[in-house]
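Novice: Before I ask anything, let me first share the structure, which is written out below as structure tokens.
The values are calculated or read from the model by the stated rules, or taken from the named source; none is laboratory data. Only a predicted model underlies this, so the values are computations on that prediction, with no experimental measurement involved. Note that we place each Cβ from the backbone using ideal geometry, even for glycine, and neighbour counts take in every protein chain shown.
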Amino acid sequence: MQSVDQIIHAKWIITGEKQEPLTQHALVIENGMIKEVISSELAKQRYTAKKSEEYLNHAIMPGIINSHTHIGMNYFRGLADDLALMNWLNNHIWPAEKQWVNHEFVRDASLFAMAEMIRSGATCFNDMYFFLQATAEAAEIAGMRAHIGITVLEFPTNWGQNPDEYFKKGLEFYEQYKNHKLVTTTLAPHAPYTVSDATFKRVKEISEKYNLKINLHLHETADEVNQSLTQYKMRPIRRMNELGLLSPQLIAIHMTQINDEDLEILAATKPNVVHCPESNMKLASGICPVEKLIARGINVALGTDSVASNNDLDMISEMRSAAFVAKFSTLNPESLTAQQAMTLATINGAKALGIDHFTGSLTAGKAADFIAINLDEIETLPLYHPVSQIVYSGSRNQVTDVWVAGKQLMKNRKLLTLDENELKAKARAWSEKISGKACVVS
Ligand SMILES: [Zn+2]
């Protein structure tokens with residue numbers, strides 16, 4: 001008998017590697033890595049474990065990857081709703097950011113967001129915001145995998161005055177965290193309408209020099225495309241192609257306005273796409289043609305965007321929305337199956353972030369990033385197909401346990417690395433400051 005750190009026996013294991021969930025199987029874990037996924041019977045014969053647990057009502061699945069967030073904005077949830085993107089940004093979000101955003105604000109908001117993400121089954125997120133150290137500090141405390149973008153735009157924010165300062169601070173951050181186990185630096189030029197050609201060229205140079213992924217809001221709205229046609233005499237996708245930005249290093253976020261010419265360019269250059277269906281629906285931005293992109297061999301991942309435009313960090317409901325939007329927009333119920341929606345939220349996110357060699361599915365040699373979902377609830381019974389049940393009937397409240405690199409972050413709905421009461425008290429205190437009045441809930 002071989003000794004290992006941990007064995008997790010479960011009723012179902014959705015590996016993300018095989019089409020059908022495995023039943024009565026076990027994850028064998030050693031040094032934070034998956035050593036084997038084998039039948040429970042064999043695991044009991046082969047191994048003794050320092051810790052062995054049974055999840056008899058649960059599905060174990062890969063940790064969810066939220067491929068697009070702005071978690072420093074979590075205290076702006078519900079501040080301004082039901083508005084068009086530019087009105088929302090110009091008259092509400094950007095003024096609020098000017099007034100409030102600093103290191104302390106971003107650290108507190110990030111911890112608060114991570115509590116929500118862990119409670120919703122996410123183990124990894126890909127963020128674009130300011131005060132990067134604050135988000136990284138929060139990720140170290142929470143124990144989540146964090147991809148943190150060096151946000152760059154032409155105009156000043158509380159974090160920097162101009163692109164020179166954003167690049168300087170961003171590269172200092174990169175140097176500080178380049179060997180970190182959980183934190184990875186990316187580049188994040190904000191959008192075609194806030195970043196000049198000269199700055200995009202610098203983004204490309206830095207990406208090539210340091211091998212960094214590039215996040216970019218792209219073709220989010222028809223207005224963005226029209227403005228580009230006026231200013232640059234071409235659509236943003238063509239402009240990005242001419243600047244050499246379109247490649248598998250790019251993570252193109254939203255992509256709701258895609259014509260046939262755009263599709264040809266994308267098929268030839270293969271950037272990753274992050275679909276954010278709930279943000280796109282709420283801001284009435286448009287619909288990302290997920291099926292057409294997948295058919296052209298483009299990797300599509302899934303993200304929530306910020307809680308100011310969603311208004312939650314619930315990737316289980318995002319999977320459901322992705323499936324529903326695909327079916328409704330094509331009037332084809334066979335579009336984007338539950339299985340595909342789950343793929344967008346797991347291994348495709350890992351591919352987009354360039355980490356699919358060590359996370360995103362449950363197989364020997366990958367990190368032990370996984371979650372347990374209790375499906376033995378009124379809402380998810382009877383149970384014929386666990387994946388369908390999670391995507392179409394499941395709730396994030398059924399996520400009971402979460403592990404990253406073998407470390408448990410939530411046990412039976414209790415957060416182990418974060419203090420929920422303290423986070424709620426801070427959220428109330430910040431909302432009192434932001435609104436200028438006492439929070440109604442205390
Ligand atoms: Zn965004």
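Novice: Can you tell me which residue within segment 216-234, out of those that are crowded, with 23+ Cβ neighbours inside 10 Å and assigned to a loop (DSSP other than H, G, I, E, B), is nearest to the chain's Cα centre (by Cα)?
Specialist: In this case the residue turns out to be Glu220.
Novice: Enumerate the pairs (first residue in segment 65-83 and within 13 Å of the ligand (Cβ to nearest atom); second residue anywhere and among the basic types (Lys, Arg) and modelled with pLDDT of 95 or more) with beta-carbon separation below 9 Å, excluding pairs fewer than 6 apart on the same chain, so at least 6 apart or on different chains.
Specialist: From segment 65-83, the pairs are Gly72/Arg107.
Novice: Got a number for residues in segment 271-297 being assigned to a loop (DSSP other than H, G, I, E, B) and out of contact with any Leu (no Cβ under 6 Å at 6 or more places or on another chain)?
Specialist: 9
Novice: Assess whether Ile214 counts as being more than 16 Å from the ligand (Cβ to nearest atom) and in contact (Cβ under 8 Å) with a residue 12 or more places away in the chain.
Specialist: Judged against the criteria, Ile214 is not a match.
Novice: Pairs, please: C-beta under 6 Å, at least 6 apart or cross-chain, first residue more than 14 Å from Gly143 (Cβ to Cβ) and in segment 402-430, second polar (S, T, N, Q)?
Specialist: These pairs meet every condition: Asn412/Thr400; Arg413/Thr400.
Novice: Inspect all residues belonging to segment 136-147 and state whether any of them is buried (at least 23 other Cβ atoms within 10 Å of the Cβ) and over 30 Å from Gln408 (Cβ atoms).
Specialist: no
Novice: Is it true that some residue in segment 87-110 is under 23 Å from Ser395 (Cβ atoms), buried (at least 19 other Cβ atoms within 10 Å of the Cβ) and not charged (D, E, K, R)?
Specialist: Taking segment 87-110 and keeping what is under 23 Å from Ser395 (Cβ atoms), we get none.
Looking through segment 87-110, none of the residues is under 23 Å from Ser395 (Cβ atoms), buried (at least 19 other Cβ atoms within 10 Å of the Cβ) and not charged (D, E, K, R).
Novice: What is the residue count in segment 355-408 for residues that are part of a loop (DSSP other than H, G, I, E, B), of a type outside the set (Phe, Trp, Tyr) and either more than 22 Å from the chain's Cα centre (by Cα) or surrounded by fewer than 24 Cβ atoms within 10 Å (Cβ to Cβ) (or both)?
Specialist: Count: 18.
Novice: Evaluate the following for Thr194: is it under 27 Å from Met255 (Cβ atoms), among the hydroxyl-bearing types (Ser, Thr, Tyr) and crowded, with 19+ Cβ neighbours inside 10 Å? Can you show your working first?
Specialist: On the way: under 27 Å from Met255 (Cβ atoms): yes; among the hydroxyl-bearing types (Ser, Thr, Tyr): yes; crowded, with 19+ Cβ neighbours inside 10 Å: no.
Judged against the criteria, Thr194 is not a match.
Novice: Do we find that Lys204 is within 20 Å of Asn126 (Cβ to Cβ), part of a helix (DSSP H, G or I) and charged (D, E, K, R) in this structure? Steps first, please.
Specialist: Details: within 20 Å of Asn126 (Cβ to Cβ): yes; part of a helix (DSSP H, G or I): yes; charged (D, E, K, R): yes.
Against the criterion (within 20 Å of Asn126 (Cβ to Cβ), part of a helix (DSSP H, G or I) and charged (D, E, K, R)), Lys204 qualifies.
Novice: Another question, then. Within segment 264-273, can one find any residue that is within 23 Å of Ile93 (Cα to Cα), within 15 Å of the ligand (Cβ to nearest atom) and at pLDDT 95 or above?
Specialist: So the first thing to find is which residues in segment 264-273 are within 23 Å of Ile93 (Cα to Cα), and the list is none.
No, segment 264-273 contains no residue that is within 23 Å of Ile93 (Cα to Cα), within 15 Å of the ligand (Cβ to nearest atom) and at pLDDT 95 or above.
Novice: Among the candidates Thr123, Thr135, which residue alone is under 15 Å from the mean Cα position of the chain (by Cα) and over 20 Å from Ala352 (Cα atoms)? Quick ask: steps written out before the conclusion?
Specialist: Working: Thr123 fails: over 20 Å from Ala352 (Cα atoms).
Being under 15 Å from the mean Cα position of the chain (by Cα) and over 20 Å from Ala352 (Cα atoms) holds for just one of Thr123, Thr135, which is Thr135.
Novice: Of the numbered conditions (1) surrounded by 23 or more Cβ atoms within 10 Å (Cβ to Cβ); (2) out of contact with any Lys or Arg (no Cβ under 8 Å at 6 or more places or on another chain); (3) part of a loop (DSSP other than H, G, I, E, B); (4) of a type outside the set (Ser, Thr, Tyr), Ala252 fails exactly one; give the number of that condition.
Specialist: All conditions are met except number (3).
Novice: Can we say Thr186 is of a type in the set (S, T, N, Q), in contact with a Lys or Arg (Cβ under 6 Å, 6 or more places away or on another chain) and surrounded by 15 or more Cβ atoms within 10 Å (Cβ to Cβ)?
Specialist: Criteria met by Thr186.
Novice: Now for a different question. Can you confirm whether Ile206 is under 15 Å from Phe167 (Cα atoms) and away from the ligand (no atom under 16 Å from the Cβ)?
Specialist: Taking the combined requirement at face value, the residue satisfies it.
Novice: With within 15 Å of the ligand (Cβ to nearest atom), crowded, with 24+ Cβ neighbours inside 10 Å and of a type outside the set (Lys, Arg) as the only criterion, which of Met117, Met128 stands out?
Specialist: None of the others qualify; the one that does is Met128.
Novice: Cβ-Cβ under 7 Å, sequence separation 6+ or interchain: first residue in segment 328-346 and in contact (Cβ under 8 Å) with a residue 12 or more places away in the chain, partner assigned to a loop (DSSP other than H, G, I, E, B) and not aliphatic (A, V, I, L, M). Which pairs?
Specialist: These pairs meet every condition: Thr346/Gly16; Thr346/Gly360; Thr346/Ser361.
Novice: Across segment 287-315, what is the number of residues that are away from the ligand (no atom under 16 Å from the Cβ), surrounded by 24 or more Cβ atoms within 10 Å (Cβ to Cβ) and free of Cβ contacts under 8 Å to residues at least 40 places away in the same chain?
Specialist: 0
Novice: Moving on. Is it true that Asp223 is farther than 26 Å from Phe167 by Cα, within 16 Å of the ligand (Cβ to nearest atom) and among the charged types (D, E, K, R)?
Specialist: On the way: farther than 26 Å from Phe167 by Cα: yes; within 16 Å of the ligand (Cβ to nearest atom): yes; among the charged types (D, E, K, R): yes.
So Asp223 fits the description; yes.
Novice: Can you tell which of Leu344, Leu336 is more than 16 Å from the ligand (Cβ to nearest atom), surrounded by 23 or more Cβ atoms within 10 Å (Cβ to Cβ) and farther than 15 Å from Asn66 by Cα?
Specialist: Step by step, each of Leu344, Leu336 is checked, and only Leu336 is more than 16 Å from the ligand (Cβ to nearest atom), surrounded by 23 or more Cβ atoms within 10 Å (Cβ to Cβ) and farther than 15 Å from Asn66 by Cα.
Novice: Does Glu420 count as within 19 Å of Asp314 (Cα to Cα) and either at pLDDT below 95 or more than 25 Å from the chain's Cα centre (by Cα) (or both)?
Specialist: no
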